[in-house]
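This report concerns only the one structure given below.
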Amino acid sequence: MALLKRRGGADAEPVAESPAEPATVDQAPRAGGKGRPTPKRADARAARATTATSGRATTKQEARSARRRQSQDYRAAMMSGDVSRLPPRERAPERVLARDFVDARINIGPFFLIAAVLYFVGGLVPIGPVRLAATVLMLLGIVAVVVDSIVLSQQVSRRVAGRYPDSRVRVRAYAAQRALLPRRWRLPRPRVSRADPRP
């Protein structure tokens, strides 16, 4: 509806006022605005959950890769005998001393493995004297291993106590177990030979 205005007085003719033009809304984003519609709460929550899950999966994968690389490095160090790259437990100086002492002596353990194989083979032979000889050999091997393990554990314990009086690292069982294996099966690899003086 046109509004009427009076100009100059009461006798002036009414003039129709042109309708006001609708104000145009500026569609451009305001300075400092985000320029996009605000997401719904459910969508934002789902996006955050997806991002968190992806981040956790990436972290787990990186940790798994790091553990795999560390295991490979430790394995290579065990095969080479490099003490500086061994796992922290194997780098203990008490264990290094025990390993070197075991590797520098002749142990009964590898010979006992040969006796065990002969005992197994002798048990398959249907001859009484052969079976008896295999059994006696096996019993003698067990006694020899027990005596050698006791002597070895005492010797290693004395040497460790002499060099590291305040040490609490257990080396008796560690040395006895290492002495049971043939030299080429021992890990970490031996650093000394039997010709070297005992540490």
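Summary of computed values
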item: Among residues of segment 54-78, those that are under 22 Å from R189 (Cα atoms), open to solvent by 80 Å² or more (accessible area, probe 1.4 Å) and out of contact with any helix residue (DSSP H, G or I) (no Cβ under 9 Å at 6 or more places or on another chain), counted; result: 5
item: Complete set of residues in segment 117-145 that are open to solvent by 30 Å² or more (accessible area, probe 1.4 Å), of a type in the set (G, A, S) and at pLDDT below 95; result: G123, G128, A133
item: Subset of segment 173-194 [part of a helix (DSSP H, G or I), open to solvent by 70 Å² or more (accessible area, probe 1.4 Å) and closer than 14 Å to M79 by Cα]; result: R184, W185
item: From the options V145, V169, residue that is β-branched (V, I, T), within 21 Å of L187 (Cβ to Cβ) and touching a Pro at 6+ places or on another chain (Cβ under 9 Å); result: V169
item: Matching option when the condition is out of contact with any strand residue (DSSP E or B) (no Cβ under 6 Å at 6 or more places or on another chain) and within 17 Å of G81 (Cα to Cα), among V156, V130, V192, V151; result: V192
item: Single residue of R95, R99, R75, R56 found to be under 30 Å from R170 (Cα atoms), assigned to a helix (DSSP H, G or I) and at pLDDT below 90; result: R75
item: Subset of segment 150-172 (residues that are touching a residue at least 40 places away in the same chain (Cβ under 8 Å), surrounded by 15 or more Cβ atoms within 10 Å (Cβ to Cβ) and assigned to a helix (DSSP H, G or I)); result: L152, Q155, V156, R159, V160
item: Tally, over segment 78-92, of residues that are closer than 17 Å to A175 by Cβ and either without any contact (Cβ under 8 Å) to a residue 40 or more places away in the chain or touching a strand residue (DSSP E or B) at 6+ places or on another chain (Cβ under 6 Å) (or both); result: 2
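The values are calculated or read from the model by the stated rules, or taken from the named source; none is laboratory data. Note that the coordinates shown come from a computational prediction; the quantities given were computed from them, not determined experimentally. In this analysis, Cβ positions are derived from the backbone assuming ideal geometry, glycine residues included, and neighbour counts consider all displayed protein chains. Just so you know, the surface numbers come from the protein's heavy atoms only, side chains and all, with ligands and any DNA or RNA stripped out. Shrake-Rupley method; radii C 1.70, N 1.55, O 1.52, S 1.80 Å.
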